[in-house]
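K.L.:
Have a look at the structure that comes next, please.
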Amino acid sequence: MTLADLPTGQTGTIASLAGDPEIRTRIQSLGLRIGRDVAVIRRSRFGGPIQVRIGTTDLLIRPQQAAQVILA
Amino acid sequence: MKRVALLGMPNTGKSTFFNRLTGASAKVGNWPGITVDLLSANVLLGSGMVEIVDLPGIYNLHGFAEDERVARTFLEENPVDLLLVVTNATQLDRQLALALQLQELGQPMLLILNMIDEARRLGIKIDEQALVDDLGVPVVSVSAKHGFGMDNAQSAIIEALGKAHPARKAQLEKVFHEDDALASRLEQVFHDAVQVPLTATDRLTDRIDRVLLHPWLGLPLFFLAMLLMFEAVYTLGAPLQDGVAWVLEAIKTDAVEPAISGWNPVLQSFILDGVFDGIGTVLSFLPIIILFFLFIAIVEDSGYMSRAAFLMDAFMSRLGLDGRAFVMQLMGFGCNVPALMGTRVMRSRGLRLLTMMIIPFSLCSARLQVFVFFTTAIFSAWAAPLVLFSLYLASFLAAFLTALIYRKRLPNAEPLLLELPPYRFPTIKQMWLRGWREVAHFVREATGFILLGVILVWALTHSPFDVPPASPDTLAGQLASLFAPVFAPLGIDHLMTIALLFGFVAKEVVLGAMAVIYGAGDTDLAGIVSGRTDWVQAYSFMLFVLIYTPCLSTVAVLKQESKSWRFTGLAVGWPLLLAWMVSFTFYQGARWLGF
């Protein structure tokens, strides 16, 4: 399962990151590192960004990039 | 002089810390290998002057974003005595990563834990001594926003600089592949020094977001907020602009005119209608720029900008833009100039340039004056508001069409990954400093260009000097006749073409120019215009005015912000072409339909 499929309100653990190094570096620097828990707080309508929470950081991530965050 | 580089991730309050440390003395400087503006300031710390340089916010020293390249280049090209790393104390779980990376450079470092007040409120416990032990660098807790701990930060900087190290440049290649090792070190340091309670989120922010990001209420509230902001800028800005205009007029008639009354009439006209009006054009923008930046500061620093991105991104991403571009586009409806300057918040150059392409289509308050005049002069009372509404619609359509056409050529390389910070209210001082700095920047960068443009239009409309200004016999009139084959198919006669030439300087002067051209007073201009043009011609003219270059100040800022003449040329040329095509299609279509 990926972060894009995680239902709103649920938490998952990051297993790996897919995609090219450029985007992977950015995703990691924002705290989405392997082994960390991530929760989906809410989704915007019409397929817009997802609000996720890692530790004390809240982030907006588009579904395309969320699909590159593989959950355990 | 010793040099200190200020580094940190975005949203750490790094700029606020910089402002606290340096006061308002900061200025934009040039650095080897770097094309973007960096703020720096010389401050007295201890017994000597120290140069503090504010580098752009970066997430990762090895990242691929433009800001990250800039920070790398700076560290490689310029000797630095101390790295001052600012972190957000509530997010050390990821912010320490940058500190660890920078530490690998082997330069002296001082770690600042900013927003310590927020961390305490959330119940986050930070063991400073454990951090010092683990990292081997001094650590200071501060709240730059409220000024707590700044004395400690200053003495720590003085102490760190006192330990004799020759300043040196960083060598970055050798640390490039060590990020994975850093990740485990980060976990260790964080584990040793920081305790975060299980629910360390800002409850108030969660509650506000439940309303502001509500699936159904979110968008209407967003538009309401924008409308209110707009009203506020307009209500406060219009009298201020009038005040500036009044003062300028008083200086012109009471001081400048008497002083040069004996001079050659050509020289008099040059000084009054050329130079003085050029300076007036620059000055008349200042109140609105300050006001807009006060409000931009609120929207950005409060954290609402990211919320707007959440709400509008689904739509804007289809145009190759993101939700923040929409906010700037809306700001453009007040005035394009500060909206263009506001795009600096975007880190990806492609995204930023594409946003700068669409902002000039926003129907600003200066164009609104022209449209209100024409719609009331030509259309009936019931049709006028509809006509005005259709122009707003055309403004959006032109912007979206442009984004669709240019999104491939100005690609947005960066994925939308935005932080959603807790709601914060910026202090009055922060907002004022921002507005003041932007105004100073605009005056410095744009004055020469605007002055040159105004003088050029003055020369065109006043020479030869023995004919009435802006009449068909002037250079401008001859130019208009030359372009008659271009504008005739749009239903725009050559007198109105001269008005368009004036409109290139500023839309505020279009009506005044028409009064001069038609030899009419302000009161009977409406009668003359409605007698000379039918509604199809008037609407075609308005479409052209809406789409072509908004004003010289906009062009100056396009250049100032993009630092590229090629882009500036495109951002002026394309709207001209589009304006012609739209007016042509409308005018010929309407005539063909028998109107």
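The values are calculated or read from the model by the stated rules, or taken from the named source; none is laboratory data. In this text the structure is predicted, and so the values were computed from the model without any measurement. With ideal geometry, Cβ positions are generated from the backbone for all residues, glycine too; neighbour counts draw on all protein chains shown.
K.L.:
Please tell me if B:T87 is of a type in the set (S, T, N, Q) and either within 23 Å of the chain's Cα centre (by Cα) or at pLDDT below 85 (or both).
P.N.:
no
K.L.:
Looking at region B:15-25, can you tell me whether even one residue there is of a type in the set (A, V, I, L, M, F, W, C) and within 14 Å of chain A (Cβ to nearest Cβ)?
P.N.:
No, every residue in region B:15-25 fails to be of a type in the set (A, V, I, L, M, F, W, C) and within 14 Å of chain A (Cβ to nearest Cβ).
K.L.:
Further, regarding this structure: Looking at (1) under 22 Å from B:S365 (Cα atoms); (2) modelled with pLDDT under 90; (3) hydroxyl-bearing (S, T, Y), which one does B:T533 not meet, given that it meets all the others?
P.N.:
(1)
K.L.:
Where residues in region A:53-72 are in a loop (DSSP other than H, G, I, E, B) and facing chain B (nearest Cβ under 7 Å), which of them is farthest from A:L3 (Cα to Cα)?
P.N.:
Out of the qualifying residues, it is A:T56.
K.L.:
If B:K252 passes every condition in (1) out of contact with any Leu (no Cβ under 8 Å at 6 or more places or on another chain); (2) more than 30 Å from A:I50 (Cα to Cα); (3) not aliphatic (A, V, I, L, M) but one, which one does it miss?
P.N.:
(1) is the only condition that B:K252 fails.
K.L.:
Same structure, new question: When A:T25 is evaluated against the numbered criteria (1) modelled with pLDDT under 85; (2) closer than 24 Å to B:R210 by Cβ; (3) not hydrophobic (A, V, I, L, M, F, W, C), which criterion, by number, is the only one it fails?
P.N.:
It is condition (2) that A:T25 fails.
K.L.:
Can you say whether B:E249 is out of contact with any Ser or Thr (no Cβ under 8 Å at 6 or more places or on another chain), surrounded by fewer than 14 Cβ atoms within 10 Å (Cβ to Cβ) and either closer than 20 Å to B:L451 by Cα or touching a residue at least 60 places away in the same chain (Cβ under 8 Å) (or both), as far as the supplied structure shows?
P.N.:
Judged against the criteria, B:E249 is a match.
K.L.:
State all residues of region B:70-99 that are assigned to a helix (DSSP H, G or I) and either under 20 Å from B:E118 (Cβ atoms) or within 12 Å of another protein chain (Cβ to nearest Cβ) (or both); if no residue qualifies, say none.
P.N.:
Residues satisfying the conditions are B:A89, B:T90, B:Q91, B:L92, B:D93, B:R94, B:Q95, B:L96, B:A97, B:L98, B:A99.
K.L.:
I'd like the full set of residues that are in contact with a Gly (Cβ under 9 Å, 6 or more places away or on another chain), within 14 Å of another protein chain (Cβ to nearest Cβ) and not in a helix (DSSP H, G or I), limited to region B:39-69.
P.N.:
If the condition is that a residue be in contact with a Gly (Cβ under 9 Å, 6 or more places away or on another chain), within 14 Å of another protein chain (Cβ to nearest Cβ) and not in a helix (DSSP H, G or I), then B:G57, B:I58 are the ones that fit.
K.L.:
I'd like the full set of residues that are under 28 Å from B:I290 (Cβ atoms), surrounded by fewer than 15 Cβ atoms within 10 Å (Cβ to Cβ) and not aromatic (F, W, Y), limited to region B:199-230.
P.N.:
Across region B:199-230, the qualifying residues are B:L224, B:L227, B:L228.
K.L.:
Still on this structure: Pull up region A:18-52, narrow it to residues that are assigned to a strand (DSSP E or B) and at the interface with chain B (Cβ under 7 Å from one of its Cβ atoms), then point me to the one that is surrounded by the most Cβ atoms within 10 Å (Cβ to Cβ).
P.N.:
Per the stated criteria, the residue is A:Q51.
K.L.:
How many residues does region B:188-205 hold that are assigned to a helix (DSSP H, G or I), out of contact with any strand residue (DSSP E or B) (no Cβ under 7 Å at 6 or more places or on another chain) and over 13 Å from B:Y304 (Cα atoms)?
P.N.:
Number satisfying all stated conditions: 7.
K.L.:
Go through region B:374-491 and tell me which helices (runs of 4 or more DSSP H), entirely inside it, have 3 or more residues that are of a type in the set (A, V, I, L, M).
P.N.:
Result: B:383-406, B:428-462, B:475-482.
K.L.:
Can I ask one more? Of all residues in region A:4-17, count the ones that are away from chain B (no Cβ under 12 Å) and part of a loop (DSSP other than H, G, I, E, B).
P.N.:
The qualifying residues number 6.
K.L.:
Do we find that B:D301 is among the acidic types (D, E), within 14 Å of another protein chain (Cβ to nearest Cβ) and out of contact with any strand residue (DSSP E or B) (no Cβ under 6 Å at 6 or more places or on another chain) in this structure?
P.N.:
Taking the combined requirement at face value, the residue does not satisfy it.
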